[in-house]
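Take a look at the structure set out below.
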Amino acid sequence: MLRILAISNQKGGVGKTTTSINLAASLVMAGRRVLLVDIDPQGNATMGSGIDKRSLRATVYQVLLGSAPMSSVRVRSQSGGYDLIPANRELAGAEVEMVELAERETRLKKALEEIKAQYDYVLIDCPPALNLLTVNGLCAANAVMIPMQCEYYALEGLSDLVQTIKKVRMNLNPTLEIEGLLRTMYDPRNMLSQQVSDQLQQHFGDKVYRTVIPRNVRLAEAPSHGIPALSFDRQSKGAMAYLALAGEMLGKNT
């Protein structure tokens with residue numbers, strides 16, 4: 001059954017794009033058909049998938065404005081084995097232009113109707129902000145995956161995101177749920193990391209994934225080569241962790 005996941009956190013630098021790319025590649029390794037949708041104007045998921053965002057003739061920007069169907073902008077990530085709806089800086093202007101458009105919050109959802117039946121998983125890499133692009137991602141999704149670092153400010157931002165998810169559920173997408181909280185860049189030697197991790201588990205219980213993504217140099221290096229960590233160094237702790245995450249998710253959703 002198709003599962004559409006928005007990977008979201010308004011805090012930057014928590015591993016959203018790293019998670020999007022490596023989870024997509026891990027699900028492909030598990031034999032699933034995967035589409036990754038980049039709705040972040042920075043286009044990092046696009047570059048990290050081996051696609052040059054500067055040379056693209058059409059992106060998710062044209063899709064959201066209704067001037068191109070998704071099937072016409074879709075590209076293949078050869079390094080990851082998944083399909084990609086790419087993004088670049090053009091997307092930064094989309095929010096202003098979408099304000100005037102009808103059903104502006106559900107434009108991504110409507111655009112996905114054309115091709116979503118061809119996939120088992122659609123992952124949406126959201127920007128680090130609670131803006132109209134993120135709301136489009138939340139409206140298109142069945143559930144939200146929240147990557148977060150185990151630090152004090154992460155807990156502060158989490159409450160804002162949970163409130164936004166509740167508002168979207170009340171007004172726009174009544175079936176939206178929290179798929180899970182993913183602890184990223186985790187360093188078990190750090191006492192604060194352990195304390196925040198314990199608080200998350202107390203508060204969110206089984207919504208916290210058992211899999212923890214460690215702080216790992218291979219995960220940081222892989223994007224500069226335009227490939228997922230799985231293709232860069234499959235034996236690295238980071239790559240192994242994302243394979244474990246994919247396994248945990250598939251176990252939950254069967």
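None of the figures in this text is laboratory data; all of them are computed from the coordinates on show. On a predicted model such as this, the values are computed, not experimentally measured, just so you know. Cβ coordinates were reconstructed from backbone atoms using ideal geometry, including for glycine residues, and neighbour counts include every protein chain displayed.
Below, the figures for the structure above:
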item	result
Two-decimal ratio, region 121-245, of alpha-carbon radius of gyration to 2.2 N^0.38 Å	1.12
Antiparallel bridges, percent of DSSP beta bridges restricted to the chain (to nearest 5)	5 percent
Placed amide H near Arg3: partners under 5 Å, 5+ positions off or other chain	Tyr121, Val122
3J(HN,Hα) from dihedral phi, region 183-198, Karplus parametrisation 6.51/-1.76/1.60, rounded to Hz, x for glycine, proline	7, 10, 6, 7, 10, x, 7, 8, 4, 5, 4, 5, 5, 5, 4, 5
Derived scalar couplings ³J(HN,Hα) [region 78-89; Karplus, 6.51 cos²θ - 1.76 cosθ + 1.60; whole Hz; x for Gly, Pro]	5, 6, x, x, 10, 8, 9, 9, x, 9, 8, 4
Intensity falloff of the chain expressed as log10 I(q)/I(0), Debye formula with alpha-carbon point scatterers, at q = 0.07 Å⁻¹	-0.21
Cβ charges +1 (Lys, Arg) and -1 (Asp, Glu), total dipole of the chain, debye	440 debye
Proxy reagent accessibility, fewest Cβ within 10 Å first, across Lys53, Lys167	Lys167, Lys53
Region 181-243: trypsin sites (Lys or Arg not before Pro) in DSSP loop, at most 15 other beta carbons within 10 Å	Arg189, Arg234
Lys/Arg +1, Asp/Glu -1 at C-beta; the chain dipole; positive extreme among Leu161, Ala141, Gly31	Gly31
